[in-house]
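The values are calculated or read from the model by the stated rules, or taken from the named source; none is laboratory data. The model shown is predicted, which means the values in this text are computed figures rather than measured ones. So basically every Cβ, Gly included, is an ideal-geometry build from the backbone, and we count neighbours across all protein chains shown.
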Amino acid sequence: MSRLVVVSNRVGPLKDTGKAGGLAVALVDVLQEMGGLWFGWTGTTSDEGSFGPLQTEAVDTVTLAQIDMTQADYDDFYAGYANRTLWPVLHYRLDLADFSRRYEEGYRRVNERFATRLRPMLKADDVIWVQDYHFFNFAAELRAMGVTNKIAFFLHIPFPAPEILAGLPNADQLVRRMLAYDLIGFQTSRDAENFRRFVVSEIGGKDKGNGVVSAGGREVLVRGYPIGIDAAGFAKLATTPDARRHTARIEKLVGGRPQIIGVDRIDYSKGLPERFRAFERLLEDYPENRGGVSLMQVAPPSRSELDAYAEIRRELEELTGHINGRFADLDWTPIRFMARSFTRRALAGIYRASRVGLVTPLRDGMNLVAKEYVAAQRAEDPGVLVLSRFAGAAEGMPEALIVNPHSTEGVAAALQTALTMPLEERRDRWQAMFDRICAQDASAWAREILRDLDAYSK
Ligand code: GDG
């Protein structure tokens with residue numbers, strides 16, 4: 001069997017995967033099974049940057065190999081092109097994108113350097129799997145160095161309609177370089193379709209059917225592979241003593257009154273201000289909820305050095321103050337906004353204590369919170385998931401209450417439906433979603449991509 005080489009911006013952890021998300025768990029699983037190398041950035045900057053020493057760590061059959069970046073690489077590649085250019089464009093926010101030439105150059109530089117450092121570690125029959133928008137160019141760089149191995153790519157965030165992507169300077173070059181991969185996986189069939197449409201309409205390629213596109217002498221398999229979570233593991237987490245303690249704390253606090261839960265990194269793609277306004281509308285339009293229903297928002301800050309992120313946080317603090325000031329009562333606080341993180345166990349317990357899971361991104365590749373919320377519920381008395389149609393997760397969770405996150409009235413009405421839904425209907429909807437997320441878990445996702453890569457590319 002071939003060895004697996006995974007490339008991603010951040011790597012690991014190999015041990016203590018209890019702390020890691022579903023992605024790390026799934027990758028460690030397949031890496032252990034096939035034997036493998038996981039290559040990426042250390043997370044630190046140094047003067048030597050990617051020219052500096054390779055830091056390695058091995059556990060059984062898996063080796064982690066990491067290199068630093070220089071401060072300039074961090075600024076131009078990571079904070080720059082990845083997070084200030086690609087992230088907004090791929091989330092349909094051309095208005096927020098910064099198209100500085102310096103960023104684009106930094107992106108090419110880091111992709112090239114990282115590929116150069118990986119090259120000597122590669123063996124002839126290694127299977128290479130590159131993750132996410134940081135490394136669109138990675139296969140093209142490897143090919144330029146003569147690497148002929150099978151290489152797959154998976155994009156964790158949305159791939160926008162060609163009409164949007166065309167706004168990115170040099171988008172055609174970016175997509176042309178992506179054709180150096182043998183397989184390109186997206187979160188949804190819609191994203192895959194957007195990519196194929198771009199290849200046909202913008203770079204004169206051909207759609208050959210069955211997901212295959214061709215251009216510039218290359219043929220690539222382009223498909224949707226919705227990422228899953230370790231559903232069974234997460235369900236177990238929700239019943240650990242630590243999780244139970246958190247469930248009990250909330251139950252004590254709300255005293256039988258229903259709680260709505262939101263869990264999101266503070267990011268403009270997550271639709272948080274829109275969500276708070278929809279909750280306010282629930283209290284306006286359905287006054288019977290005043291004094292009863294509350295919204296708990298767990299919101300770990302991310303990328304706070306970027307203005308757009310700092311602004312969202314301020315806006316949320318203001319909205320919380322406004323809504324609480326307007327509606328709060330002696331024994332009831334409408335919104336609990338917490339700009340902090342919790343352990344995964346605590347999160348599982350928090351989900352379990354919440355009658356409604358509110359997941360309303362304006363755009364999201366998949367959204368794992370939607371799946372975690374479902375996994376953490378009690379089978380006998382499960383909560384209801386309210387889910388944005390613009391989350392990739394909506395494609396595979398039709399039993400959720402699907403909403404347009406831009407519609408304040410629509411989300412408020414769905415919340416009211418969720419809060420008044422009879423037990424039997426809650427159970428039916430939950431069971432269908434739970435069965436599906438267990439069958440299509442993170443490890444099934446990874447295996448399917450690797451199987452297709454093996455079957456498709458010669
Ligand atoms: C990207 C794509 C895609 C959140 N708060 C805490 C915490 N979390 C965990 C959640 C979940 C993860 O972070 C967030 O995953 P999402 O999928 O919701 O969103 P992104 O971070 O934007 O992830 C997304 C994903 O990649 C995978 O392909 O689904 O579309 O944007 O697991 O539980 N974890 C802990 N404490 C917190 O306070 N421990």
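Test each condition in (1) closer than 26 Å to Ser269 by Cα; (2) small (Gly, Ala, Ser); (3) outside any helix (DSSP H, G or I); (4) out of contact with any helix residue (DSSP H, G or I) (no Cβ under 7 Å at 6 or more places or on another chain) for Ala124 and report the one that comes out false.
Evaluating Ala124 over (1) closer than 26 Å to Ser269 by Cα; (2) small (Gly, Ala, Ser); (3) outside any helix (DSSP H, G or I); (4) out of contact with any helix residue (DSSP H, G or I) (no Cβ under 7 Å at 6 or more places or on another chain) leaves (1) as the failure.
Determine, yes or no, whether Val374 is within 11 Å of the ligand (Cβ to nearest atom), surrounded by 19 or more Cβ atoms within 10 Å (Cβ to Cβ) and either assigned to a helix (DSSP H, G or I) or not polar (S, T, N, Q) (or both).
For Val374, the condition - within 11 Å of the ligand (Cβ to nearest atom), surrounded by 19 or more Cβ atoms within 10 Å (Cβ to Cβ) and either assigned to a helix (DSSP H, G or I) or not polar (S, T, N, Q) (or both) - is not met.
Could you tell me how many of the residues in segment 296-327 are under 26 Å from Gln416 (Cβ atoms) and within 16 Å of the ligand (Cβ to nearest atom)? Lay out the reasoning, then the answer.
Going residue by residue through segment 296-327, those that are under 26 Å from Gln416 (Cβ atoms) are 296-299, 315-316, 318-327.
If we keep only those that are within 16 Å of the ligand (Cβ to nearest atom) too, we end up with 296-299, 316.
Residues meeting the conditions: 5.
Answer yes if at least one residue in segment 393-404 is over 30 Å from Asp132 (Cα atoms), in contact with a strand residue (DSSP E or B) (Cβ under 8 Å, 6 or more places away or on another chain) and buried (at least 22 other Cβ atoms within 10 Å of the Cβ), and no otherwise.
No, segment 393-404 has no match at all.
I'd like the full set of residues that are surrounded by fewer than 17 Cβ atoms within 10 Å (Cβ to Cβ) and outside any helix (DSSP H, G or I), limited to segment 441-458.
Correct list: Lys458 only.
On the given criteria, is Ile261 touching a residue at least 60 places away in the same chain (Cβ under 8 Å) and either over 19 Å from Ala444 (Cα atoms) or not assigned by TED's automatic domain parsing to the domain that holds Leu165 (or both)?
yes
Can you tell me which condition Met178 does not meet? The list is (1) free of Cβ contacts under 8 Å to residues at least 60 places away in the same chain; (2) crowded, with 22+ Cβ neighbours inside 10 Å; (3) in contact with a helix residue (DSSP H, G or I) (Cβ under 9 Å, 6 or more places away or on another chain); (4) within 24 Å of Gly396 (Cβ to Cβ), and all the others hold.
It is condition (4) that Met178 fails.
Based on this model, can you work out whether Val263 counts as surrounded by fewer than 22 Cβ atoms within 10 Å (Cβ to Cβ) and touching a strand residue (DSSP E or B) at 6+ places or on another chain (Cβ under 9 Å)?
Criteria not met by Val263.
Can you confirm whether segment 195-209 contains a residue that is modelled with pLDDT of 95 or more, over 30 Å from Trp430 (Cα atoms), hydroxyl-bearing (Ser, Thr, Tyr) and not in a helix (DSSP H, G or I)?
As a first pass, look at segment 195-209 and keep what is modelled with pLDDT of 95 or more: 195-209.
Then drop every residue that is not over 30 Å from Trp430 (Cα atoms), which leaves 195-209.
Still in the list and also hydroxyl-bearing (Ser, Thr, Tyr): 201.
Pick out the ones that are also not in a helix (DSSP H, G or I) and you get none.
Checked segment 195-209: no residue is modelled with pLDDT of 95 or more, over 30 Å from Trp430 (Cα atoms), hydroxyl-bearing (Ser, Thr, Tyr) and not in a helix (DSSP H, G or I).
Taking only segment 81-121 into account, find how many residues are touching a residue at least 24 places away in the same chain (Cβ under 8 Å) and within 24 Å of Val6 (Cβ to Cβ).
So the answer is 21.
Please work out if Leu64 is touching a Gly at 6+ places or on another chain (Cβ under 9 Å) and within 30 Å of Ala455 (Cα to Cα).
When the stated conditions are applied, Leu64 passes them.
Consider only pairs whose beta carbons are under 8 Å apart and that are at least six residues apart or on different chains; among these, list those whose first residue lies in segment 335-356 and is within 16 Å of Ala375 (Cβ to Cβ) and hydroxyl-bearing (Ser, Thr, Tyr) and whose second residue is assigned to a strand (DSSP E or B) and near the ligand (Cβ under 10 Å from one of its atoms).
Pairs that qualify, where the first residue is within 16 Å of Ala375 (Cβ to Cβ) and hydroxyl-bearing (Ser, Thr, Tyr) and the partner is assigned to a strand (DSSP E or B) and near the ligand (Cβ under 10 Å from one of its atoms), are Tyr351/Val263.
Name the pairs whose Cβ atoms lie under 8 Å apart, with the first residue in segment 279-303 and under 22 Å from Ser407 (Cβ atoms), the second buried (at least 21 other Cβ atoms within 10 Å of the Cβ) and of a type in the set (S, T, N, Q), and 6 or more positions between them or separate chains?
Listed pairs, sorted by first residue: Leu282/Asn289; Leu283/Asn289.
Pick from segment 96-121 the residues that are in a helix (DSSP H, G or I) and aliphatic (A, V, I, L, M): which of them is farthest from the chain's Cα centre (by Cα)?
Looking at residues that are in a helix (DSSP H, G or I) and aliphatic (A, V, I, L, M), I get Met121.
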